[in-house]
Amino acid sequence: MTETPRTPGPSRRSRVAPFEVMDVLDRVAVLRAAGRDVVSLCAGEPSGGAPTLVSEAAARIHASGRALTYTSALGIHELRAEIAAHYSRWYAVDVDPARVAVTTGSSGGFVLAFLAAFDPGDRVALARPGYPAYRNILTALGCEVVEIDCGAGTRFQPTPDLLDAASADGPLAGLIVASPANPTGTMVDRAELTALAQWCRTNGVRLVSDEIYHGVTYPEQSPARAADPRGVCAWEVDDTAIVISSFSKYWGMTGWRLGWMLLPDDLVRPVDALAGNVALCPPAPAQYAAVSAFAQESYHECDGAVAEFARTRKLLLDNGSRLGWGESAPPDGAFYYWADLGPQLERWGSSGDYARALLEEAAVAITPGGDFDDRSGGHSVRLSFAAGSTAVAEAIERIEAFNRG
Ligand SMILES: Cc1ncc(COP(=O)(O)O)c(C=O)c1O
């Protein structure tokens with residue numbers, strides 16, 4: 001008797017929700033290939049690319065023919081030192097380069113941080129709506145994700161009261177805070193971050209602070225944020241937090257796959273050991289080139305890109321009512337506009353159906369909210385204004401006409 005062959009199949013932990021935005025992006029590519037003029041406002045990617053000095057440094061590195069071998073697991077010393085120095089420029093924080101870990105994008109940082117800080121079964125809190133990768137990585141690592149419903153009332157950010165309520169079912173091991181946040185763009189100010197850090201200290205909870213949108217901020221347009229124009233770094237408040245950041249957004253280097261972490265003393269060695277096993281090192285050419293990201297000229301260029309985001313943000317907020325959607329919170333930072341669909345919801349039933357029809361009929365790509373909020377994201381959409389004011393102005397015209405028709 002022959003035995004029926006059995007294949008093992010994927011693990012239970014790999015069952016994470018796919019991103020709806022990836023389907024939208026695939027469809028954008030198909031429509032563009034067929035000649036449609038699509039305005040794509042779904043991806044969180046600055047279109048301008050890396051600062052000139054970084055691109056030039058990369059070209060020199062490749063032209064030199066030098067062997068691009070593995071680097072130290074935590075990154076090249078020169079880059080770690082530049083990252084540490086950046087903290088004294090933007091914040092009042094003195095960072096020891098030995099506590100900087102360069103990572104494969106902030107995404108690579110999350111995996112290392114969560115592995116180093118949490119055990120399977122640990123309860124880790126985060127805001128809903130929020131960036132879906134936190135939830136999905138934690139779930140795949142066997143942690144229990146405690147989603148905190150954060151509405152417009154707390155500007156979509158957690159508060160000590162909400163954390164007290166979230167710990168009623170069991171103690172928390174971690175809290176992830178993103179400021180500016182994706183998808184809402186809202187920020188916590190110094191007092192709010194201090195209160196959250198104190199709550200974490202009192203309750204023995206590890207704070208993970210996602211600061212990848214720092215610098216992509218609009219202090220002139222959000223006066224309440226003017227005191228800390230780049231954002232507040234969690235280490236200004238408590239250096240037992242894990243700070244996670246990236247070259248992807250302010251520096252426009254998404255595809256270079258480079259980010260970093262500031263690590264509490266006790267996590268440096270574990271992260272070093274994990275990083276050496278998981279990826280050996282972050283991409284070497286990107287590391288050498290990224291040293292130039294901290295030149296004055298590079299900051300100047302990036303601030304120029306942020307000024308264009310600010311103009312686009314203003315255009316969007318000034319014309320927000322023309323979109324025919326519902327409530328939204330003006331973003332303090334990042335380049336996202338998160339809105340309830342309001343009257344469009346009655347007509348379309350869900351943000352997924354609305355976004356699909358908008359793409360097919362009006363050739364405007366936005367992101368349905370389900371990626372960021374699996375409970376009520378079907379009512380909301382995220383529009384990324386990273387593509388700039390010309391694209392957004394065109395999208396507003398098309399959306400207005402689409403809603404009428
Ligand atoms: C809040 C937030 N954190 C982290 C990331 C990951 O960025 P990267 O891995 O390119 O640094 C993103 C990407 O959009 C994001 O929105």
| said: Using only the Cα atoms of the stretch 189-304, what are the Rg and Dmax in Å? | reply: 16.0, 45
| Which whole-number percent of Cα pairs in the chain have a distance greater than 37 Å? | 22
| remark: Ratio for the stretch 198-251, C-alpha Rg to 2.2 N^0.38 Å, reads 1.28
| query | Can you give the net charge of the other residues whose Cβ lies under 14 Å from the Cβ of Ala391, counting K and R as +1 and D and E as -1? | reply | -1
| field | Counted charge near Asp23, where neighbours are those whose Cβ lies closer than 11 Å (Asp, Glu -1; Lys, Arg +1) | value | -1
| query | When the convex hull of the C-alpha atoms of the stretch 65-294 is computed, what volume per residue in Å³ does it have? | reply | 117
| task | Note the full-extension length gain between Ala273 and His300 as 0.36 nm times their separation in residues minus their Cα-Cα distance, in nm to one decimal. | result | 6.1 nm
| Extension gain (nm, one decimal) between Ala393 and Arg32, 0.36 nm per residue minus Cα-Cα | 128.0 nm
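Going by how many other beta carbons lie within 10 Å of each one, how would you line up His214, His300, His86, His77, fewest first?
In increasing order of surrounding Cβ atoms, one gets His300, His77, His86, His214.
Return one quarter of the surface area of the convex hull spanned by the alpha-carbon atoms of the stretch 1-61, equal to its mean projected area, in nm².
Mean projected area for the stretch 1-61: 10.4 nm², to one decimal.
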| Environment charge at Gly259 (Cβ cut-off 12 Å; Lys +1, Arg +1, Asp -1, Glu -1) | 0
| request: Can you tell me how much longer the chain between Ala191 and Asp119 gets when fully stretched, taken as 0.36 nm per residue apart minus their C-alpha distance, in nm with one decimal? | output: 22.9 nm
| In the chain, which longest range has no GluC sites (Glu not before Pro) that are both DSSP loop (not H, G, I, E or B) and surrounded by at most 14 other Cβ atoms within 10 Å? | 4-219
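How much FRET efficiency would the formula 1/(1 + (r/R0)^6) give for Asn319 and Asp265, where r is the Cβ-Cβ distance and R0 is 41 Å, rounded to 0.05?
0.25
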| field | Highest-fluctuation residue, Leu258, Leu193, Leu25 considered, GNM on the chain with Cα pairs under 10 Å | value | Leu25
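Evaluate E = 1/(1 + (r/R0)^6) for Thr52 and Met22, where r is the Cβ-Cβ distance and R0 equals 35 Å; express this FRET efficiency to the nearest 0.05. Show your work: numbers first, answer last.
Numbers: r = 31 Å, r/R0 = 0.88.
Working from the Cβ atoms, E equals 0.70.
Rounded to the nearest 0.05, what FRET efficiency do Ser376 and Gln221 have when you use their Cβ-Cβ distance and R0 = 25 Å?
Working from the Cβ atoms, E equals 0.35.
None of the figures in this text is laboratory data; all of them are computed from the coordinates on show. These numbers were taken from a predicted model, which means no experiment stands behind them. Every residue, glycine among them, receives a Cβ derived from its backbone with ideal geometry; neighbour counts consider all protein chains shown.
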